[in-house]
Each structure stands twice: as structure tokens, then as C-alpha cells.
Amino acid sequence: MRTGAPTQNLSIGQSVSDLWAWLHTWEDDAGGIHGPVVYHHRDNLKVLRPDTWTQGATVLGLLNAYDASTNTQFLDAATRLGRFLTKNYLPELHVYRDSNFDQKPLGRPALEGNAIASLSLFNLARVTGPTGKDFGRTAEDNLREFIVKQWDSKGKAFAVTYHGERAHIHNKGAMAILAILASEDYRVDGEMTQEYAIPAGEFTLDSQVKEGKLAGAFPYADRDSNYRTLYSLVTGMGLLGLHRVTGAPKYLESVERLINHLSRFVDQETGLICHYHRVGYPQWITDTILYHMISRAVDDIRGTPNSQAEGAGLLKVLPYQYPSGAFPLSLGFEDLWYSDVMKARPEIRRWRDVLPTPGLNSWNFWFLSSFLKPGGPMPPSHSLMPHTVYSDREEREGPYEIIDSRDELRVRALPGGGLRLIISKCDDVPILCGMPERTSYWKTLDSIMRYPEPLRRLILAAPRLWLKLKR
């Protein structure tokens, strides 16, 4: 495991405490969690504004920590971050500002980016009671005036724009299901549960692969051929929510089939799971933590021992945590679109593997905090900063030295090179950004993907050749 200095205390409580301490370094005075985006299909290093993907997941993690420890500092922090969401809500449009994660600050407000924000506010309102009425009102407006208006009455599922066309993306629909269930206090007789959540669940069940080597998997959209572990598992979260509300066995059985399918892709040596429903790399930290969370939830419902979820399986993930409290993204980063150029190479520490960013770390915080045992005090943070990690040379990039301190993130080219990235953690834009991004080519690809496949392949051949020559 090449992660820098390893975490010494391998307890979930310590991991959660350290991770929150690190996320807090990105929080501004108004309660917004800033940060760049590094992802399998897009980088966004030039826009650091708080987004709902990060904000909502952090609120949910803080509520988990409060529920387990009853320490009011976590509730106070959740309330502070929740107020940021309500203050940055656009009532005229019925959406949250920057509810599009990797496309912030421009782009179409995303279904999942709004759903996770409202899910977090519904749960926060439930905990805060009368003092949290604004949380519930904001989430209710977003649910009724934006989320459910993405409903496809013909397909009986939530639909979004996907490469210029309308499609049903299962993980996004799952987030909408969870927001609806939270809005109606997880009651099966709720109006929107009956009208939207349950039919959306039926559509999801019908889309699950029934036979063959991918049996149990959920495709990314409708019945396409794209499969990614993180999104399949988020889809499972929505189905588990429906099982808890309705008691219908079919939802639980569907998630069990998913877990059985994904269990083949957990690397016994690294402890991580592959991001693309196959044996090998890339392997992602967030996918792995969520895999164990879903597995533990299924075991709890079935009343069976969950040795993998709370034993060696989950604990294998914790050594990847940096002394700062953050987790890296992956082992063997692989580009989604040009995998033949940016192949998964676990022997190389790409900067996209090792650069710590809040986006997926907020989800790590949400998922890890669900493992906290009730009644015990949270250990104080042992977060150590500044913390330095190094990337290897990867084709024409790097190597880099990455220094993560409480106020700044700096990236310097090696050996003896100049600064490539300077981020003040509470700013909306970086002080300096000379790192390569994949923003513009993603926009181009998004347009190209609207063409028929033969023409698309022809158009993509030229830039693929150019990228190979460049590297």
C-alpha cells in the first residue's frame, strides 16, 4: 500500500474523527466546504466553490457522528453546514446553487445534486426539531418543485439529460427515492412514496441484469453497457431504503444479488474493490467503503454475522487514510473515456490517485460514520498537517510533491520544478493553477456521444491517436 505514512490507529472512530478534522480545514466562515474535483471523466481544479454533493454528504456524516456519540459539536457543525445549503438555495429556480458537482459553477442543476442536499436537510430538520423548520421547508420546496418534476410518467422513473437525450440513470433515481422517503418520515403510506418512490424502485428492479456474468449488476443508465461499482452500490442504497419502508423482500433480494456479484471484484491483497465491475484496477476507496456498508446493512436485516463488514474487510481500507485524515482516490487511476491511453497502472502513483479532495472524502465520511457504535465517545482528532505525498512520473506528467496544510494545498513539480497548484482552502478559485485538466475535452465528448455509434467511433479516433502521440 503506497499511501505515504500509514494510519497507526485502525479504529473506525479514530478514522471518522480524523476525516472530519480534515474536511473542516476546507470549511469557510459561512459553513461551505470548498474543494477541487478529480474524477474518472473530468477534473475541475479551477472552481473550488462548495457544492451540494460534498455539502450534503458531510451533513449526513455529521448526523451519524452525533447520533452515535450525542456530542453536540457534530450537531452544531451539521446545522452550520445545513444553513449554508438553505442560504444558497435559489427559490426562484427551486434548486441549490452549485448542485452539479463536477460541472460547477455552470451546467444543468443535477437530480442527484439536489436530492442529496434535500435528503440531508430532511434528516437535519428531524433532529433539530422546531429550530430546524427552514431546513425542512427548503428541502420540501426542492422536492416538490424540482425533484419530482424530473419524473417520466411514461417510463415510471426519474429521467435526466444524458448525452443530449433523456435517460433513466439508476443511482440518480436512487438518491431521489431516498429524499422522498426522508420527506415522509419513512412511512409506506406517504403520498410521494406511493406515487414516485415505489414505482421508481420497480423500474430499478426491472433493469437489474438477470443472467450472465453481470447478473446482479445495475447498468449506469437504463440497460446500457456501462457498469461502475460506486453507482451500482448507490442504486442499492435506494432499494434498501424501500425495503426498510415497505418490508418487501424483493428489494433486499435485489441488493443481495448485487453484493454477491460485486464480491468477486474485491482484491484480497489490497482490500479494495474495482471501480468497473471487473477483476483488477482501478480500485477506489469510496466504492470499497460503500460496499462494506451495504453488505453490513444486508447482514443486519438478515440477522447474519457481518464479519467482512466490521472485521478484516473494512479494516483493510483504513491504512490508506493519510495522517492528515484524508483518503486518496484510488489505486491505478484509469480515465473513463481514453482508457487505452490512461490505462490503470497500480504500480504508478498518478497525481489523480493521490491528490486528497473533499468531494469523495465527504462520501467516505458519510459511509464510515455509519459504522460508529452508539453510546461511545468520539476520540479526539489525531490529524497531522502539513502532510506531503508524492506522485510518480506518469507519461508526460509529474512527478509532483503535494503538500496539504491546514490553510493551503500546494503542488510542486519535481525535481526542482516550480509550483503548479496553490489552493487557499476557503477560496472559490485557486491562487495558481497550472495542472493539466480534462474539462474541455469532456465537454467535447459529451457532444460527440450524441452521434450514432459508427460516426462516434470515427470522430473519436483522431483525438485518441493525438493523445497517444502526445503521451
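Condition test on Val148, is it closer than 30 Å to Val279 by Cα, among the aliphatic types (A, V, I, L, M) and modelled with pLDDT of 95 or more?
Details: closer than 30 Å to Val279 by Cα: no; among the aliphatic types (A, V, I, L, M): yes; modelled with pLDDT of 95 or more: yes.
No: the conditions fail for Val148.
For the range 42-64, indicate whether the set of residues that are over 20 Å from Val234 (Cα atoms), assigned to a helix (DSSP H, G or I) and modelled with pLDDT of 95 or more is non-empty.
Looking for residues that are over 20 Å from Val234 (Cα atoms), assigned to a helix (DSSP H, G or I) and modelled with pLDDT of 95 or more, one finds none in the range 42-64, hence no.
Is there a residue in the range 287-300 that is crowded, with 19+ Cβ neighbours inside 10 Å and in a strand (DSSP E or B)?
Scanning the range 287-300 turns up no residue that is crowded, with 19+ Cβ neighbours inside 10 Å and in a strand (DSSP E or B).
Please enumerate the residues belonging to the range 366-414 that are in a strand (DSSP E or B) and modelled with pLDDT under 95. So that I can check it myself, show each step before the final result.
Of all residues in the range 366-414, those in a strand (DSSP E or B) come to 387-390, 394, 397, 400-404, 408-413.
Result: Glu394, Glu397.
Pairs only if they're at least six apart or on different chains, beta carbon under 6 angstrom, first in the range 372-391 and within 11 Å of Trp22 (Cβ to Cβ), second part of a loop (DSSP other than H, G, I, E, B) and not charged (D, E, K, R); list them, first residue then second.
That search, which allows pairs on different chains as well, returns Ser383/Ser324; Ser383/Gly325; Leu384/Pro323; Met385/Ser324; Met385/Ser405; His387/Tyr322; His387/Pro323; His387/Ser324.
Of all residues being in contact with an Asp or Glu (Cβ under 9 Å, 6 or more places away or on another chain) and over 23 Å from Asp152 (Cβ atoms) in the range 204-242, which is surrounded by the fewest Cβ atoms within 10 Å (Cβ to Cβ)? Just the residue, please.
Ranking the candidates gives Leu230 first.
Please specify each residue of the range 260-290 satisfying the condition of being among the basic types (Lys, Arg) and modelled with pLDDT under 95.
Going through the range 260-290, the residues among the basic types (Lys, Arg) turn out to be 264, 278.
Arg278 - this is the single residue of the range 260-290 that is among the basic types (Lys, Arg) and modelled with pLDDT under 95.
So Thr304 clears everything in (1) of a type outside the set (Gly, Ala, Ser); (2) farther than 23 Å from Pro219 by Cβ; (3) crowded, with 17+ Cβ neighbours inside 10 Å except one condition, right? Which one?
The one condition Thr304 does not meet is (3).
The values are calculated or read from the model by the stated rules, or taken from the named source; none is laboratory data. Please read all numbers here as calculations on a predicted model, not as lab measurements. For neighbour counting, all protein chains shown are included, and Cβ atoms are generated from backbone atoms with ideal geometry for every residue, glycine included.
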